[in-house]
Amino acid sequence: MLRKLAKLFRRDIARFRAARGGATAVEFALVAPAFLATVIAVLETTLFLFAQATLQNAAVEGGRLFMTGQGQNGNLTEAQFVNDICPMISALFNCSDVMVNIKNYSSFSNANASEPSLTFNAGVR
């Protein structure tokens, strides 16, 4: 009886070893979380870099308004300036959260080069 049981056990083990039907599903279940995490990380990083480039481009274009004298000659206010740059960033950012700090100086040598205070002006817009 013990020999018969051992023979059945060996046969079942051999069948278990030969069965490969669910191996792909098990391998996918083991690899999928790491693969999906990597894909999501790549997408998040891409979105972050795109947002950073969009904001940088808006800052350059806004600076160009004043470097060329268009802002000074047009007597551009903070609200008008925000309205000018808002279309450049509206796809990724909320325009009501944009902080603008515009100062007017009579000459370049009189300009204050210290860091501006980061205060949110909710009245602008």
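The values are calculated or read from the model by the stated rules, or taken from the named source; none is laboratory data. Note that the structure is predicted; figures quoted are calculated from it, not measured. Here the Cβ positions follow ideal geometry from the backbone for every residue, glycine too, while neighbour counts run over all protein chains shown.
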Looking at the range 61-82, which of its residues are within 18 Å of Ser107 (Cβ to Cβ), assigned to a helix (DSSP H, G or I) and over 31 Å from the mean Cα position of the chain (by Cα)? Gln72, Asn73
Select from the range 62-110 the residues that are surrounded by 12 or more Cβ atoms within 10 Å (Cβ to Cβ), at pLDDT below 85 and hydroxyl-bearing (Ser, Thr, Tyr) and list them in ascending order. Thr77
